[in-house]
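Values quoted throughout were computed directly from the atomic coordinates according to the rules given, and no laboratory measurement underlies them. Because the structure is predicted, anything quoted here is derived from the model rather than measured. No Cβ is skipped: glycine too gets one built from the backbone with ideal geometry, and neighbour counts run over all protein chains shown.
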Amino acid sequence: MIDGPSNLAALSTMWAMQPRFERDLPAFVERAAELGFGAIELNHSMDHQHLDAFRSGVALPATSVHAQAPLERHSRWGWNRDLNLASVDEEERALAVRYALRSVDLASEVGAGAVVVHLGQIASGALDGELRRRALFEAGTTGGDIWAHAGAEAAQVRAQLAPPCLAQAHRSLDDLATAAQAAGVAIGLECRQHYHQFPLPEEAVMLLADYPPEVAGYWHDSGHAEVQDRLGFVALDAWFDLLGDRVVGIHITDVRGLVDHRAPGNGDLDFAALAARIPPSAVRTFEVDQHEPDEDVARALRLMREAGLVG
């Protein structure tokens, strides 16, 4: 689906957000290579200084860019990565698009084949029904009337609030897809961890219908999808049943309870089953946070090779 080294196991620069690497991106890249990775993803924590260091020459290629890289703080709206591409405030939406377009330009510049995009959310934030389900899950309850009522309430509220925001998200995607097509870069709409965020699988089908897969497709996040499944909002299979032929790439993370961004092996996901659903062409990025030890990150790569998820 994407031309380029998509078979390389990449490590997201999310892991670089620790004191030894925060102002030394080449040292992060060198360590990633030592741990066995063949590429990196430029995460939305990367600011202009980080990117200048990458441009100066590093040992590994970038296979993807996570919008809104580069990270920048706007005088009114705050961090650009927090802007909502689905906002009904047109000023915010337009600004979010502008920053996302910079990520497309960055991907084209560095030779990355894909841009991971968070397409926005319902502006009111996390839904009360989801918050109650999360509390119930943490208390060991995933059934019964209270669980069912919380889910039904969340679904009802989302259905009421989503349409105008989803229309704005569609506008934003059209802006990004037009630029991506001209740049030879694929947009990957990432599944999200929270129920109020876009897209759900059915929404993704609708949003992507106007574009060929090489222009805009689906980016699977193993942690986000697992959390949505555990909370009973989106069945894990739904992403692949509806979008399996449009998978651009995957963020490989493990989940412990409802906590994601664990190194594979530090949670309980079934990665062998996941490997069977991911096409060979998909970009493979390990998105683990900066608190995971080196030895766990190295072990994660070995485990994913054993599971058949990476080569």
**OP:** Would you calculate the separation in nanometres between label points at Glu138 and Glu22, each defined as 7 Å from the Cα along the Cα-to-beta-carbon direction?
**Re:** 2.6 nm
Subject >> Separation between Cα centres of the range 215-271 and the range 176-199, rounded to whole Å >> reply: 16 Å
Original post:
Among (1) 34; (2) 29; (3) 23, which one is percent of Cα pairs over 32 Å apart computed from these coordinates?
Top reply: (3)
Subject >> Choice from Thr285, Thr178, Thr63 showing the highest fluctuation, given a GNM over the chain with Cα pairs closer than 10 Å >> reply: Thr178
**OP:** Mind sorting Val185, Val205 by how few other Cβ atoms lie within 10 Å of their own Cβ, fewest first?
**Re:** Val205, Val185
Original post:
Add -39500 (n - 2.57) for each DSSP H run of 4 or more in the chain, then divide by its residues: what number comes out at 222 nm, to the nearest 500 deg cm²/dmol?
Top reply: -14000 deg cm²/dmol
Original post:
Can you work out ³J(HN,Hα) from phi for every residue in the range 63-71, in order, using Karplus 6.51 cos²θ - 1.76 cosθ + 1.60 and θ = phi - 60°, giving whole Hz and x for Gly and Pro?
Top reply: 9, 7, 10, 9, 4, 9, 6, x, 5
Original post:
Which peptide among 246-254, 265-273, 109-117 comes first, and what is the full order, when sorted by highest mean count of other Cβ atoms within 10 Å?
Top reply: 246-254, 109-117, 265-273
**OP:** Taking 7 Å along the Cα-to-C-beta vector as the label spot, tell me the Ala126-Arg230 distance in nanometres, rounded to one decimal.
**Re:** 1.3 nm
Subject >> Derived scalar couplings ³J(HN,Hα) [the range 299-311; Karplus, 6.51 cos²θ - 1.76 cosθ + 1.60; whole Hz; x for Gly, Pro] >> reply: 5, 4, 5, 4, 5, 6, 5, 5, 7, x, 7, 10, x
